[in-house]
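To start, the structure itself, in structure tokens.
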Amino acid sequence: MSIQSQHPHAELDRFPALVRGLIEEFGCEGIEAVIQRVLSAEEADFCWEGRIAEKRLGSFCESFEEGEEALQRVAVLGHFAGHYYVATCLVDARHRLRAMAAVGYFEGIESAESAFAAAG
């Protein structure tokens, strides 16, 4: 007999609620394709909103043109769709997501935490 323990971060995973909502809206037929389209379009937002830790990495750039805000690089650690991730996000002066520069997915918290610690 094996006992599976669920990491507490799994409780924060927004993926099951996303799937339920999409099934309610679009039905079950072809739902995998719908889920993939939504994830592709909204991956940066899911990573930013699902973060469980973050650290500032410094300036990305000063403003490109006069009147534009400078952006900061922020590493985030999170859990989504049963996987941990580490992403590098670009945020504005109000700490709002502007873009995601990179993301890596991990099976376990240990490897994700190592990647998060090394981010920079």
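The values are calculated or read from the model by the stated rules, or taken from the named source; none is laboratory data. This one's a predicted model, so the numbers in the text were calculated from it and none came from an experiment. Note: ideal-geometry Cβ built from the backbone for every residue, glycine included; neighbour counts use all protein chains shown.
List of remarks:
- First in region 96-120 and closer than 14 Å to Gly78 by Cβ and touching a residue at least 60 places away in the same chain (Cβ under 8 Å), second anywhere and hydroxyl-bearing (Ser, Thr, Tyr) and outside any loop (DSSP other than H, G, I, E, B), Cβ under 6 Å, 6 or more apart: Val103/Tyr85; Ile109/Tyr84
- Subset of region 33-62 [over 16 Å from Leu97 (Cβ atoms), small (Gly, Ala, Ser) and under 14 Å from the mean Cα position of the chain (by Cα)]: Ser40
- Conditions (1) assigned to a strand (DSSP E or B); (2) touching an Asp or Glu at 6+ places or on another chain (Cβ under 6 Å); (3) of a type outside the set (A, V, I, L, M, F, W, C): number failed by Glu54: (2)
- Note on region 1-49: residues that are surrounded by 15 or more Cβ atoms within 10 Å (Cβ to Cβ) and at pLDDT 85 or above total 11.
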